[in-house]
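Data first, discussion second: the structure below is written as structure tokens.
What follows draws every value from the coordinates through simple rules; no lab data is involved. These numbers were taken from a predicted model, which means no experiment stands behind them.
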Amino acid sequence: MIHFVLLIVCAVAIYLSCEWFVNAVEWLGERLNVGKMAVGTILAAFGTALPESVVTLVAVTTGTTDEAKNIGVGAAMGGPLALATVAYGVTGTMLLLKRRKERAACLVMAGGPRAEVSPPGGETLGDARDMKRLAKDQKWFLAIFIVKVALGLVAFAFKPALGLLFFAAYAVYFWREIRSSKAAEDDADEDAQELEPLKFQPEKTSPATWAVVAQTLATLVVIFFAAHFFVKQLDVIGPMLGLSATVTALLLSPIATELPEIMNAVIWVRQGKTKLALANISGSMMIQATVPSGIGLLFTTWHFDGALLWSGVVTTAAIVYLLLTMRAHKLTPARLAVAAGFYGVFALGLIPLLA
């Protein structure tokens, strides 16, 4: 029972820490003079994805057996899977709930159910320019991810050296994202809202830079340790529920490690900053596709078994689905929520593989 209580405590701690983190990182973006989208794709994504990268680094460098090192490889594959399916799905669901609530309010104000109000899940998430911007990250991710999976199926002498190319790929993405985000800055953007007061200095309209940095670092520390203990509780609860260690590692742990990104998206959707929520997920996916992969290639054989290959297939399918929807300019909250279904497909596909 104590493990379930600790699981809930950790989840609450992660949510509250993320609330303070997104508050601080928006001010940090303002101080660094980066575009608003880069706040989500670069600053927030880097901060919340850093713990997972550290976990991968520790696993592959300190593991004494191939099995121990493969934990890092599993983390490098599980992170993108959870983001491409569960994170996007939760964001779509939150948008559905938010728009349903707004629709109900509009009906009341308009005088009853006969008023013409669009369905809560039928309105697209932005115009053609927004869809192009969203699709850009997915294209980058998909190209890198396919190479990442392909390398897990072959073996050759200089494969470890290719890990450096993944770091270089993220460096290029980082540079392009900073430039394009600043160029695309638009005062009419729906997310261009006045920043909320910094939690550390709520009485100041313009907080001190040291306070912004201190709040950012402090919340990251709390997020890191809370996420770490959350995963530890799952490792205990999984067997208690009759789940094997392998199933726990492949199904539950990835969701736990990506919980900060999911919480960030929930908070930004609640605040009406949908673009930042989506940018945080897509930016985190780019980090997960490159940094942990580069570390894994450098320190392990990077050889995939059936379960890892299946995770790669499902992740690819989820991104292709999202890309096709974005290119058709038909990405709605309901269609975004469907992405979570791919995680269910992954779970079902694991049954014969682990039997």
Rounded tilt (10° steps) of 128-151 against the dominant C-alpha axis of the chain: 10
Relative contact order (%) - criterion: Cα under 8 Å, at least six apart; region: the chain: 43
Cα-based radius of gyration of the chain once divided by 2.2 N^0.38 Å, which approximates compact folds: 0.99
Partner lysines for LYS136 [C-alpha distance under 18 Å; skip if fewer than 8 residues away on the same chain]: LYS36, LYS182, LYS275, LYS330
Nearest 10 degrees, 0 to 90: helix 88-110 Cα axis against the chain principal axis: 20
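Using just the helices of the chain, give the 222 nm mean residue ellipticity in deg cm²/dmol: DSSP H runs with n ≥ 4 each add -39,500 (n - 2.57), and the total is spread over all residues, rounded to 500.
Details: 13 runs with 250 residues, N = 355.
Mean residue ellipticity, 222 nm, calculated: -24000 deg cm²/dmol.
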In degrees, nearest ten, helix 163-183 long axis to first principal axis of the chain (Cα): 10
